[in-house]
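Novice: Below you'll find the structure I mean.
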Amino acid sequence: MIDISQLKPVAQAQQEQVLKGRVILVTGAGYGIGRTAALTYARAGATVLLLGRTQEALNDTYDLIEAENLPQPAVLPFDMEESDEEKFRQLATLIEENFGHLDGVLLNAGVLGQRTGLDSYDWNTFQKVMQINVNGQFILMKHLTPLLRNAPKDASVIFTTSSVGRKGRAYWGAYSVSKFATEGLMQVLAEELENTSDIRVNCINPGGTRTQMRAAAYPTEHPLQVPEADEIMPLYMYLMSPASIGTHGQSIDAQPKH
């Protein structure tokens, strides 16, 4: 297991431009961890493709990157709840036509759903959570993997998991189930790519982080009790950079356990 405390500081990685010239897609880039990761990668030299459902939020992330005179990002409004595979194929084609390849993908987009028992869980909500958190990620990666194979050197895929995707917990419903599926999807893809490409695939469990989703899951928790997204970026930078070559098929916590 990676010792988070031993990872290179993000500021040093950014100063060294460890992602210079790389093209990285970040889903859920309009808010929270996705926005922070996008800005972090851009500061390290990457051209970041900002994918998310809300145009206004993506534009805000774009403006933050532009304000620092970093590599110009691209905004890709896209709803991961989309069930038409053709739309995903068109998205991949658009990326290929404009950038030729991908060097990395951070699959950060996700929804919480309800915090209630399974016997009272809304069926439509269950389907929505699974569509966004699992099905959409599968079909997106189906069409983006060829672009990752075209990367000039190594490439990295990062899925987003959770502690409730490793051990089921009461009242976490579809979210917990979707994260178990995410772990499985990562493992299957990692094994398939291990000896056939230079693409590494891993999961990050961000842990409790000051985001809108965390606030919805724990409405009585004081925000200052959990770290901000920039505090967990060392692992996000490590796994996206060449420093992590050889780290493959792992599910890693972004915060040390106490």
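The values are calculated or read from the model by the stated rules, or taken from the named source; none is laboratory data. The structure displayed is predicted, hence computed values, not measured ones. Cβ coordinates were reconstructed from backbone atoms using ideal geometry, including for glycine residues, and neighbour counts include every protein chain displayed. To get the accessible areas, we keep the full protein, side chains included, count just its heavy atoms, and leave off ligands, DNA and RNA. Shrake-Rupley method; radii C 1.70, N 1.55, O 1.52, S 1.80 Å.
One line per residue, one yes/no per condition, for (1) modelled with pLDDT of 95 or more; (2) open to solvent by 40 Å² or more (accessible area, probe 1.4 Å); (3) among the small types (Gly, Ala, Ser); (4) farther than 22 Å from residue 202 by Cβ:
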position	(1), (2), (3), (4)
4	no, no, no, no
15	no, yes, no, yes
27	yes, no, no, no
35	yes, yes, no, no
38	yes, no, yes, no
46	yes, no, yes, no
50	yes, no, no, no
55	yes, yes, no, yes
60	yes, yes, no, yes
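Novice: Restricting attention to the stretch 152-181, and to residues there that are touching a residue at least 60 places away in the same chain (Cβ under 8 Å) and closer than 13 Å to residue 193 by Cβ, which single residue is most open to solvent (accessible area, probe 1.4 Å)?
Specialist: The extreme case among them is 154.
Novice: In this structure, is residue 9 in contact with a strand residue (DSSP E or B) (Cβ under 9 Å, 6 or more places away or on another chain) and either open to solvent by less than 10 Å² (accessible area, probe 1.4 Å) or closer than 20 Å to residue 242 by Cβ (or both)? Even if it seems obvious, please write down each step before you answer.
Specialist: Working: in contact with a strand residue (DSSP E or B) (Cβ under 9 Å, 6 or more places away or on another chain): no; either open to solvent by less than 10 Å² (accessible area, probe 1.4 Å) or closer than 20 Å to residue 242 by Cβ (or both): yes.
Judged against the criteria, residue 9 is not a match.
Novice: Exactly one condition in (1) among the β-branched types (Val, Ile, Thr); (2) over 15 Å from the mean Cα position of the chain (by Cα); (3) buried (at least 19 other Cβ atoms within 10 Å of the Cβ) is not met by residue 125; state its number.
Specialist: All conditions pass for residue 125, except number (3).
Novice: So, in the stretch 132-151, exactly how many residues are more than 16 Å from residue 197 (Cα to Cα) and open to solvent by 40 Å² or more (accessible area, probe 1.4 Å)?
Specialist: Within the stretch 132-151, the subset more than 16 Å from residue 197 (Cα to Cα) is 132-140.
Next, from what is left, pick out any that are open to solvent by 40 Å² or more (accessible area, probe 1.4 Å): 135, 138.
Here the count works out to 2.
Novice: Let me ask something else about it. Looking at residue 227 and the list (1) more than 19 Å from residue 29 (Cβ to Cβ); (2) at pLDDT 95 or above, which single condition is not satisfied?
Specialist: Only one criterion is unmet by residue 227, namely (2).
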